[in-house]
Amino acid sequence: MASRLTEISLDCHDPDRLADFWSAALEWVVLDREPGLVEIGPARADDGALLAAVRTGPVAPTMFFAAVPEDKVVKNRMHLDLSPIDRSRDEEVDRLLALGASRADVGQTGEESWTVLADPEGNEFCVLRSLAPGHFSL
């Protein structure tokens, strides 16, 4: 059997601030918070049920935010892509900007079907086309 993606870890200066941003962006909850480290994810069942789910198929990973002293200095080599499910891409971009995201320039031409943003500590991510009814269909 293959491995499962269970956590995504982000180094940052302010784990509480980034956890709050990403919790609001993804409508997730704080699962654990201690000095210098915060874990967020979808609300979940007890550990036994989670372990059983991970063993039988993919589950949404959690995100860890860990305090580090170093600054982010270059474009991310890996980034997250978000797809709105209940609004247009532009409406989602506006919502994320209001939560503290900023527009990011990573060399896009302006012809892309996605929008590049950065979280409050400058980690780039993309907002892709909407999957909301009326915006996307098979």
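Read-outs throughout are calculated quantities, based only on the coordinates presented, and are distinct from any laboratory measurement. Not measured: the values here are computed from a predicted model. Glycine gets a Cβ as well: all are built from the backbone with ideal geometry, and neighbour counts include every protein chain shown.
Results, tabulated for the structure shown:
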item: Net charge of neighbours whose Cβ lies under 15 Å from the Cβ of Ser83, counting Lys and Arg as +1 and Asp and Glu as -1; result: -3
item: Charge sum, other residues only, whose C-beta stays under 14 Å from Ser113's C-beta, Lys/Arg counted +1 and Asp/Glu -1; result: -3
item: Segment 94-138-segment 1-22 distance, computed between alpha-carbon centres (Å); result: 19 Å
item: Highest average packing first - 11-19, 83-91, Cβ atoms within 10 Å; result: 11-19, 83-91
item: DSSP beta bridge pairing in the chain, given as percent antiparallel to the nearest 5; result: 60 percent
item: Helical contribution to [θ] at 222 nm, DSSP H n ≥ 4, -39,500 (n - 2.57), averaged over the chain, rounded to 500; result: -7000 deg cm²/dmol
item: Modelled FRET efficiency - R0 41 Å, Glu111 with Leu5, Cβ distances, 0.05 increments; result: 0.85
item: DSSP-defined beta bridges in segment 7-67 - what % are antiparallel, rounded to 5; result: 60 percent
item: Cβ crowding within 10 Å averaged over residues, with 65-74, 119-128 ranked highest first; result: 119-128, 65-74
item: Selected from Leu37, Pro15, Pro61, residue furthest toward positive end of dipole (segment 7-67; charges at beta carbon); result: Pro61
item: Burial order of peptide ranges 47-54, 26-33 (average beta-carbon count within 10 Å, highest first); result: 26-33, 47-54
item: Paramagnetic reach from His135 in segment 22-62 [backbone N under 14 Å; point 7 Å along Cα→Cβ]; result: 26
